[in-house]
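First comes the structure, then the notes that go with it.
The values are calculated or read from the model by the stated rules, or taken from the named source; none is laboratory data. Being a predicted model, the structure only gives us computed values, none of them experimental. Quick reminder, even Gly has a Cβ in these numbers, built from the backbone with ideal geometry, and neighbours come from all protein chains shown. Note: areas computed on protein heavy atoms with side chains; ligands, DNA, RNA excluded. Shrake-Rupley method; radii C 1.70, N 1.55, O 1.52, S 1.80 Å.
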Amino acid sequence: MTARGVEEYAVCGRDSGPYALTTGPDGALWFTLVHSGQIGRLVPGQEPTSHQLAPDSGPTVISNGPDGALWFTEYRAHRVGRITTAGQVTEFALPTAQCGPFGIAAGPDGALWFTETAADRIGRLTADGSVTEFPLPRTGAFPSAIAAAGDAMWFTMNQANAIGRIGMDGRVTVHELPTEAAAPVGIAVGPDGGVWFTEIAAGQIGRRAPDGRITEYALPDRSARPHAITTDADGTAWFTEWGGNRVGSITSDGAITTHELPTPASEPHGITVGPDGALWTALETGALARIEPATTRTDRSDSTARTDSATRNTEQRKTS
């Protein structure tokens, strides 16, 4: 898939730090401002607005909830927050002190599931504020991003070099990665049930097929430090290259395309499909970038790189 163009939209000062974003039920982009403690909102073509939290709360990842509101983690305040499309904020304290909540996503059970990076736990939060925490079978795993798939949640274990699956009953299964010290961060689930994830330290994109096989795809720039990842309706995975100042895409057959961002060192983090069908990414230097995808896959640009020769295929099956 090729891109027609990249545009940037300033949404705050350079020190506020747009970090993650999602498309809300109101057709707007909602994003976190991790350094200034705000939740921002942008309707493409209009002026951005923001809602102030505690300045040092560190809002990090934001996701749609099952209740029509937006839910987000407060990494520094060790809370989970909820904001309605009208801007009303509710915050929920977590049972474990200094737990460092990071990733968050709505589960198939109607609850919010989140990672506790500093506590080696996965949390579950209901709309009425009831919290349950599930310990991981590894210490120092630093669970990071989390995504829903069918009847379970998938998450990355950044320091354990693995991805994990947790069922609605709290049972955790760990799946080791082929590359040592790959440090997975972002994770997303495609329409076919395949689990995509970024390996920030290895410069690779990984995919776990529904049958359990794990394949790793080396990026053209191994120092790109891929961070966040999402999938579009076609099943193409889109990811940010935090160290390479690019947005990339990868198809299920391993074809990689990269798109340079206009502003040098813009630090792209979160990525999502926007309300207009384009890909949007949060730039920590104060903007959101829009990448317009082409409508077909047949006309690939010169920036497309097939990485079959650099691909590591591992016939890893499910672990128990």
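For the range 216-223, 3J(HN,Hα) computed residue by residue from phi via the Karplus equation (6.51, -1.76, 1.60; θ = phi - 60°) reads 10, 10, 6, 6, x, 10, 6, 9 Hz, glycine and proline entered as x. In this simple spin-label approximation, Gln88 and Asp67 carry label points 7 Å from Cα along the Cα→Cβ vector, and these lie 1.0 nm apart. The structure-derived value of volume of the Cα convex hull per residue in Å³ appears in the list (i) 155; (ii) 272; (iii) 117 under the label (iii). In order along the range 70-75, the Karplus-derived 3J(HN,Hα) couplings, from 6.51 cos²θ - 1.76 cosθ + 1.60 at θ = phi - 60°, round to 9, 10, 8, 8, 10, 4 Hz, and Gly and Pro are given as x. Which GluC sites (Glu not before Pro) in the range 176-211 pass both tests, a DSSP loop state and at most 15 other beta-carbon atoms within 10 Å? Filter output for the range 176-211: Glu180. Protection proxy ranking, highest mean first, for peptides 21-28, 281-288: 281-288, 21-28, where packing is the per-residue count of other beta-carbon atoms within 10 Å, averaged.
Distance between the modelled labels on Met168 and Asp109, one decimal in nanometres: 0.8 nm (7 Å Cα→Cβ projection).
Each Lys or Arg adds one and each Asp or Glu subtracts one; over the other residues with Cβ under 13 Å from the Cβ of Asp120, this totals 0. Other residues within the sphere of radius under 9 Å centred on the Cβ of Glu133, judged by their own Cβ, net out at +1 (K and R +1, D and E -1). Between Ala54 and Asp221, the simple label model (points 7 Å from Cα in the Cβ direction) yields a spacing of 3.7 nm. Sorted largest first by accessible area at a 1.4 angstrom probe radius, with every protein chain in place, the residues Thr263, Thr236 fall in the order Thr263, Thr236. Tell me the net charge near Gly110. Cut-off is 12 Å between Cβ atoms, Gly110 excluded, with +1 for each Lys or Arg and -1 for each Asp or Glu. Neighbour charge sum, excluding Gly110 itself: -2.
Our summary gives the range 1-68 a relative contact order of 28 percent, counting only alpha carbon pairs under 8 angstrom and 6 or more residues apart.
Quote the relative contact order of the chain in percent (integer), defining contacts as alpha-carbon pairs under 8 Å separated by 6+ residues. In percent, rounded to a whole number, it is 16.
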